[in-house]
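Contents: one structure, followed by commentary.
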Amino acid sequence: MTMLLELHDVSKQYGNNTIALSDVNFSVREGEFVSVIGPSGAGKSTLLRCINRMIDASNGEIVFDGVNALGLKRKELRNLRTKIGIIFQHYNLVDRLSVIENILHGRLGYKSAITGALGIYSREEKEQALKLLNILGLEDQVYKRSDQLSGGQKQRVGIARALIQNPKMLLCDEPIASLDPNASKVIMDYLKDISKSMGITVLINLHQVDVALKYSDRIIGVSKGSVVYDGSPRHITKEEIHHIYGSEAGDLIMDLGEDTDYAG
Ligand SMILES: Nc1ncnc2c1ncn2[C@@H]1O[C@H](COP(=O)(O)OP(=O)(O)OP(=O)(O)O)[C@@H](O)[C@H]1O
């Protein structure tokens, strides 16, 4: 498998005092499903946002699909962003628009300002939106206003909007943090299926360690801006979880129970 994403010594400082990321190094292979875990404030969101340059890293190198993302100018950056779909905790849908209109917004990165502003989409784009609606079980909601959907349905629209970009990677920033356990499972199952069936790489921030261990090929543990664990979910030990979470680890370890073969 080839590397799709490589981070070399990536650091991010906010203002004079906050070092959010410190010399982060890791690579992600094409098709891998990787979870980033760590306590609140560890730098997980900053890490994800640096990858598509929603935030600019202070130092280091981020290579995506063979291109150094940090050196890109406007047009190439737009190009890069079409290959990276983003899924947000709060969905970021346009409430007053229908489900299908929100999904088609995922195509805006491919359009000129004028065709985008006029909402002009081709027949192929509309057909692809309908296909994705079917895949994500939203075929009965096509023309519903987005603010009339449940949280789980909104997140499925968010996934469809990301997929219509034809991305190579999905960056998912706490995609289930606002959902109940049932809706969370539905979303995680869709993300896993999509990753497998479409060969899309997934990099996902999660607060729920048990979910991360269950779904991921690999876990990256972040603490105070540094990667302190990078490996399989199968063999992660309680000591390693303690190392990632520090004093917050107690309850998490109790929730996980005695068996350390969590992914089994
Ligand atoms: N825009 C900003 N300006 C200044 N400091 C920031 C900014 N965004 C984040 N930080 C700080 O950077 C550090 C990392 O924050 P980040 O949001 O990346 O952590 P996180 O692991 O995603 O946390 P959480 O799990 O609570 O979302 C924290 O100390 C945070 O206060």
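Quick check on my link table: of 111/185; 12/73; 185/224; 111/168; 214/238, which ones sit more than 25 Å apart, alpha carbon to alpha carbon?
Working: 111/185 34 Å; 12/73 20 Å; 185/224 29 Å; 111/168 19 Å; 214/238 16 Å.
Result: 111/185; 185/224 exceed 25 Å.
Shape of the range 14-157 from its Cα gyration tensor (a ≥ b ≥ c, root eigenvalues): rounded if a/c is under 1.5, otherwise prolate when a/b > b/c, or oblate?
Working: a/c = 2.10, a/b = 1.61, b/c = 1.30.
It comes out prolate by the Cα gyration axes.
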Antiparallel bridge percentage (DSSP; both residues within the chain; nearest 5): 55 percent
Whole-Hz ³J(HN,Hα) from phi, Karplus 6.51 cos²θ - 1.76 cosθ + 1.60, for the range 125-137, glycine and proline x: 5, 5, 5, 5, 4, 5, 4, 5, 4, 5, 4, 9, x
Rounded if a/c under 1.5, otherwise prolate or oblate - the chain, Cα gyration tensor axes: oblate
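Contact order normalised by length for the chain, with contacts defined as Cα pairs under 8 Å and 6 or more residues apart; what percent is it?
Working: 487 pairs, mean separation 66.5, N = 264.
Relative contact order here is 25 percent.
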Dipole of the chain, positive end: most advanced residue of 2, 97, 116 [Cβ charges, Cα centre]: 116
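Using +1 on the beta carbon of Lys and Arg, -1 on that of Asp and Glu, and nothing else charged, what's the dipole of the range 139-209 about the Cα centre, debye to 20?
Values: 9 positive and 8 negative charges, 35 e Å.
That gives a dipole near 160 debye.
How do the peptides 111-122, 52-63 rank, highest first, by the average count of neighbouring beta carbon atoms within 10 Å per residue?
Numbers: 111-122: 12.1, 52-63: 16.6.
Ranking the peptides 111-122, 52-63 by packing returns 52-63, 111-122.
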Rounded to whole Hz, the Karplus (6.51, -1.76, 1.60) HN-Hα couplings of the range 17-23, x for glycine and proline: 10, 9, 9, 7, 9, 9, 6
For the range 1-78 versus the range 79-100, the gap between their alpha-carbon centres in whole angstrom: 20 Å
Per-residue ³J(HN,Hα) for the range 202-219, Karplus 6.51 cos²θ - 1.76 cosθ + 1.60, θ = phi - 60°, Hz, x for Gly and Pro: 10, 10, 10, 8, 9, 8, 8, 5, 4, 5, 4, 5, 6, 9, 8, 7, 7, 10
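Just so you know, all these numbers are worked out from the coordinates, no wet-lab data involved. Because the structure is predicted, anything quoted here is derived from the model rather than measured. Using ideal geometry, Cβ is built from the backbone for each residue, glycine included, and neighbour counts are taken over all protein chains shown.
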